[in-house]
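Let me begin by presenting the structure, written as structure tokens, before commenting on it.
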Amino acid sequence: MNIEIQDKQHLIKLKKKFFRKISELILKEEKKNLNFELSFLLVDNQEIQKLNLTYRNIDKATDVLAFPMLEECDIFPSVDNLLGDIVISIEKAIFQAEEYGHSIEKEIAMLVIHGLLHLLKYDHIEYSDEEKMKEKERYYLEKVIKILNL
């Protein structure tokens, strides 16, 4: 398993094992191969707003963006271990943690879970899909809280 973290913010520091433990838990539970590549980009609101505008045509900051790399493709079967990229606005996560009254680590864990589920093709466009995704998020958050003592 290869997890890359590019940290472009200076508000908090998180260890790579934080991201690794959450990722391993979800991929094992989802019965996915742990031989994958996954990257996290930690940014501020200004940076995520630029990405949101570029890739979603929405000109505002968001908390998390996910860019899946796994596609059904017979042409490049050797790249099926590229799971994707998750971008998290730490600035937005800090604001949301304060707003919801829980720790920054718990908020970031929730965003990691949300992003990973998107990489695994879960979505929340349709109501039924949204309910299924929320259920998965609650399930994994409960497990992550125990594992990481959040």
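Name the residues in the stretch 1-36 that are of a type in the set (K, R) and within 14 Å of the chain's Cα centre (by Cα), would you? Steps first, please.
The first filter runs over the stretch 1-36 and keeps only residues of a type in the set (K, R), leaving 8, 13, 15-17, 20-21, 28, 31-32.
K16, R20, K21 - these are the residues of the stretch 1-36 that are of a type in the set (K, R) and within 14 Å of the chain's Cα centre (by Cα).
For the subset of the stretch 101-150 comprising residues that are under 27 Å from Q46 (Cα atoms), among the acidic types (D, E) and surrounded by fewer than 21 Cβ atoms within 10 Å (Cβ to Cβ), which member is modelled with the lowest pLDDT?
Taking the candidates together, the pick is D123.
On the basis of being at pLDDT below 90 and of a type outside the set (K, R), does E98 make the cut?
Numbers: at pLDDT below 90: no; of a type outside the set (K, R): yes.
It is false that E98 is at pLDDT below 90 and of a type outside the set (K, R).
Mind listing whichever residues of the stretch 17-55 are loosely packed, with under 12 Cβ neighbours inside 10 Å and under 15 Å from A109 (Cα atoms)?
Once the filter is applied, which keeps residues that are loosely packed, with under 12 Cβ neighbours inside 10 Å and under 15 Å from A109 (Cα atoms), the stretch 17-55 yields only K17.
Can you find a residue in the stretch 32-40 that is aliphatic (A, V, I, L, M), in a strand (DSSP E or B) and at negative phi? Write out each step before concluding.
Within the stretch 32-40, the first condition is being aliphatic (A, V, I, L, M), and the residues that meet it are 34, 38.
Subset that is in a strand (DSSP E or B): 38.
So of that shortlist, the ones also at negative phi come out as 38.
Within the stretch 32-40, one or more residues are aliphatic (A, V, I, L, M), in a strand (DSSP E or B) and at negative phi.
For the stretch 136-150, which positions are among the aliphatic types (A, V, I, L, M), free of Cβ contacts under 8 Å to residues at least 60 places away in the same chain and assigned to a helix (DSSP H, G or I)?
Passing the criteria: L141, I145.
Residues in the stretch 57-67: is at least one within 20 Å of L148 (Cβ to Cβ) and either in a loop (DSSP other than H, G, I, E, B) or in contact with a His (Cβ under 8 Å, 6 or more places away or on another chain) (or both)?
So far as the stretch 57-67 goes, yes, one or more of its residues are within 20 Å of L148 (Cβ to Cβ) and either in a loop (DSSP other than H, G, I, E, B) or in contact with a His (Cβ under 8 Å, 6 or more places away or on another chain) (or both).
Give the residues of the stretch 87-104 that are free of Cβ contacts under 8 Å to residues at least 60 places away in the same chain, closer than 20 Å to I145 by Cα and of a type in the set (A, V, I, L, M), sorted by residue number.
Those that are free of Cβ contacts under 8 Å to residues at least 60 places away in the same chain, closer than 20 Å to I145 by Cα and of a type in the set (A, V, I, L, M): I88, A93, A97.
Give L82, L150, L119 a once-over and let me know the one that is touching a Pro at 6+ places or on another chain (Cβ under 6 Å) and aliphatic (A, V, I, L, M). Can you show your working first?
Numbers: L82 fails: touching a Pro at 6+ places or on another chain (Cβ under 6 Å); L150 fails: touching a Pro at 6+ places or on another chain (Cβ under 6 Å).
None of the other options fit; the residue is L119.
Give S89, S103 a once-over and let me know the one that is over 14 Å from the mean Cα position of the chain (by Cα) and among the small types (G, A, S).
Result of the check over S89, S103: S103.
Output the residues belonging to the stretch 41-56 that are hydrophobic (A, V, I, L, M, F, W, C) and not in a helix (DSSP H, G or I).
Passing the criteria: L41, L42, V43.
Under the condition of being among the small types (G, A, S) and out of contact with any strand residue (DSSP E or B) (no Cβ under 8 Å at 6 or more places or on another chain), which residue from the stretch 103-150 is farthest from I88 (Cα to Cα)? Quick ask: steps written out before the conclusion?
Applying the first criterion (among the small types (G, A, S)) to the stretch 103-150 yields 103, 109, 115, 128.
Still in the list and also out of contact with any strand residue (DSSP E or B) (no Cβ under 8 Å at 6 or more places or on another chain): 103, 109, 128.
On the way: S103: 16, A109: 10, S128: 25 Å.
Selected residue: S128.
Considering each residue of the stretch 82-135, count those that are closer than 19 Å to M69 by Cα and either in contact with a Phe, Trp or Tyr (Cβ under 7 Å, 6 or more places away or on another chain) or not in a helix (DSSP H, G or I) (or both), and give that number. So that I can check it myself, show each step before the final result.
Quick first cut of the stretch 82-135, residues closer than 19 Å to M69 by Cα only: 82-88, 111-124.
Keeping just the survivors that are either in contact with a Phe, Trp or Tyr (Cβ under 7 Å, 6 or more places away or on another chain) or not in a helix (DSSP H, G or I) (or both) gives 82-88, 112-113, 120-124.
Of the residues in that region, 14 qualify.
The values are calculated or read from the model by the stated rules, or taken from the named source; none is laboratory data. The structure presented is a predicted model; accordingly, all values stated were derived computationally and were not measured. Every residue, glycine among them, receives a Cβ derived from its backbone with ideal geometry; neighbour counts consider all protein chains shown.
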